[in-house]
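The values are calculated or read from the model by the stated rules, or taken from the named source; none is laboratory data. No experiment lies behind these values; they were computed from the predicted model shown. Using ideal geometry, Cβ is built from the backbone for each residue, glycine included, and neighbour counts are taken over all protein chains shown. Heavy atoms of the whole protein, side chains included, go into the accessibility calculation; ligands, DNA and RNA do not. Shrake-Rupley method; radii C 1.70, N 1.55, O 1.52, S 1.80 Å.
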Amino acid sequence: MGLKGLLGVSGCAVIGFFIAFVVVVVVLLAILIELFLPFGKDQAWAWMLNTSQQVSTQPPLPTGTGQPVIVGEGEWCVTKAYQQTPDQDHNNHGRVQGYVRDENGNPLTGVPVHVGWDGDEGGITEYTDANGYYVIILSPGSYYVTIGDGRASPRVYFRTNIKARWGHITYDVDFQLGICSYQFASTFDDPRQPCGTPVEGQITAGFQDTDYSLKFDRTHNGIDIAVPLATPTLSTMNGRVIGAGFFSGGYGYMVRIQNGPWEVWFEHLSRVEVALGDMVSIGQRIGLSGDSGDSTGPHVHYEVHYNGYPVDPIRQLTDNGYSTYLCAVTVSTAGGTTEMEGNHWKVTSFAGTDDGNWLPLANYPQPQNNNGQCVHWFPTPKQNEKVIDTFVPILQQMEMKWVVILQDPQEPNANDYLLTKLRQAKIMPIVRIMAPVGPVEPKTLGATVAHQRSFGVRYFQIFNEPNNKDEWGVPSRSPQWLARYWVGAAQIVLSNGGLPGLPPFVTDGSDLEYFQDTLIELKRLGRFDLLHAMWISSHNYGGMNEGGFFRYHQYQKIAQEILGHTPPILNTEGGLGTAEQTAQIIDAQFDFMRTQRDPYLFAYCPWLIGNSIGGGKDEAWEPQAWCMGALDNLTCRVWVGTSVQPK
């Protein structure tokens, strides 16, 4: 019987269709397989036809050439994370490989290397061989690599993505080549990471700045610091020069320095003064600022990279992530000199040890014929012109030489009219930056300080009453964290021409210990370039006794014992519970300021010239306000000076 008889007409049609389908599939595979499978047509057909294949061999061990500079305890690296081509069992594998070496570059044997993934407490652990080498075979997924259990080293992440191709699994590997990390992640006091900025000037574009991205349609992975052409540019890190010269791609003249997992880039220079392979120290001059490459004007573009990824140059990497500001670290070079050039304070060397070059008290600006008399302005960051025109003359009649004002860093122009009137009246403002204790956006703060410097402002108080938990914007609260956050903000204030003030404390009994611990941490951090230009703000509510008005004596004693020096002290709040009570002691307090005050005590500023009359909303402060009523019919319950209160 023929095929037709066996299967019938319909059966032949089915078989014919099946054969045609197979032919079409084979033709399509022949055309498209090279596009679909990343490991090549020949290997793909060999896999499909089940023929023997050569097993991939282990890549050669990495050499020291081009690897990061080794400084300190040693390093470990992920040299490659990749897809393994099919083996004779037709299985695709992901792999991660690398090495562990000591500080001299010698391989370390038997070191545990752990691969894990988020949400899993197990993972895979292998041990380095005699060459310090490790390789771990993986299934598709997202992973991290650490040394040991991960508590002694940071995590390096990589990912293998699954793509199904005709019953076969291929991987698109997403990773960073040559990722190296230090064996121990205690980087918060690690002198190897970058510290400071290469030049002093206004930050005109921040890290991944939104305004920059919208304007130029590209990510801004550093900060731009505006300075005149040919400004000396200093290294912010010890390390080896791995790039020096003119670079295409818009960089212009650039210097790149590496130290283990850290790299710093200095772009758009006009001159390079180091050579490839040079070892440089922090604070060493490496070139001059410029306008080369794709630049919008004279500046230095500064980038910091950690493990190959750009990080915010103003921030500092810690064990818990990007938590504190850069430069809250001890560095190994001597220095910390702050000098005054005209009305500008210039950092001439970075931190480390105290070289004793404190800014003399005589070089801190004070009002002409300073009598130490001051008052706190309204508890609002902005008032209308009628309020200002009314109360600035009142300050003059009260013979005030200082005034404390509030400043919202998001509105640097808000106090322009007030600052103009104060300058005309020869009254020196003390600006309290209204920001919770924690990270302060550097571009905004820098712009505010630079702007108000043009109005004659010199003194900027950073944060307020940090021993009150309500004044914090972050959950980690301690004198140590205060010191680190203050260092970051003080760096910006000083680099933009201001003098950074240490915040005052609530005088509740905890203030002296908190102040002491903060100074101890600042000294340990070693930023003497900031300490040498610091001033101390204090609150001294109370009568004429050591627990009240004279409380600043205890602050001075603590500062002298810890720092070996007494910076200026400005009492930025004080008085008693009500205006009537303050009126009974204010003459004695101001008489002391005029005739007996200590040389380091610059000003005493009781709380509060007015409240609701100037826009204050908190009714609790109304009893403490010196002046009240309406602008055209006000009454001042506290009046000082030789002039008679106007009716």
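Structure notes:
- The calculated FRET efficiency for the pair MET279 and GLU622, based on their C-beta separation and a Förster distance of 60 Å, comes to about 0.40.
- Ordered by 1.4 Å accessible area with all protein chains kept, PHE550, PHE463 run largest first as PHE550, PHE463.
- Computed from label points 7 Å out along Cα-Cβ, the spacing between ARG240 and THR296 is 3.7 nm.
- Pairs exceeding 32 Å between alpha-carbon atoms, taken from LYS382/LYS523; LYS401/LYS557; LYS443/LYS557; LYS443/LYS523: LYS382/LYS523; LYS443/LYS557.
- Per-residue accessible area (protein heavy atoms, 1.4 Å probe) orders ASP294, ASP312 as ASP294, ASP312, starting from the largest.
- Extended-chain gain in nm, criterion 0.36 nm per residue less alpha-carbon gap, GLN581 and ASP470: 37.2 nm
- When all protein chains stay in place and ligands, DNA and RNA are ignored, the 1.4 Å accessible-area order of SER295, SER248, largest first, is SER248, SER295.
- Å³ per residue enclosed by the Cα convex hull of the stretch 389-466: 88
- Charges were assigned to the Cβ only: +1 to each Lys and Arg, -1 to each Asp and Glu. The resulting dipole of the stretch 420-501 about its Cα centre is roughly 360 debye.
- Taking amide H as placed 1.01 Å from N in the peptide plane, ASP209 has its amide H under 5 Å from the amide H of HIS220, each at least 5 places away in sequence or on another chain.
- Kirkwood hydrodynamic radius over Cα pairs of the stretch 205-319, then Stokes diffusion coefficient at 4 °C and 1.567 mPa s, in µm²/s: 92
- Restricted to Cα atoms, the stretch 501-641 shows a radius of gyration and a Dmax of 16.9, 54 angstrom.
- Principal axis extents of the C-alpha atoms in the stretch 393-518 (largest first, rounded to whole Å): 42, 33, 20.
- Point-to-point label distance, THR219-HIS553, nm (Cα→Cβ direction, 7 Å offset): 5.9
- Shown in residue order for the stretch 443-449 are the 3J(HN,Hα) couplings computed by the Karplus curve 6.51 cos²θ - 1.76 cosθ + 1.60 at θ = phi - 60°: 5, 5, 4, x, 5, 5, 5 Hz (x for Gly and Pro).
- With DNA, RNA and ligands ignored, accessible area of HIS565 (1.4 Å probe; Å², nearest 10): 40
- Per-residue SASA entry for SER510, accessible area with 1.4 Å probe, Å² rounded to 10: 40
- Additional length obtainable on full extension of the chain from TYR127 to ALA230, 0.36 nm per residue less Cα span: 31.9 nm
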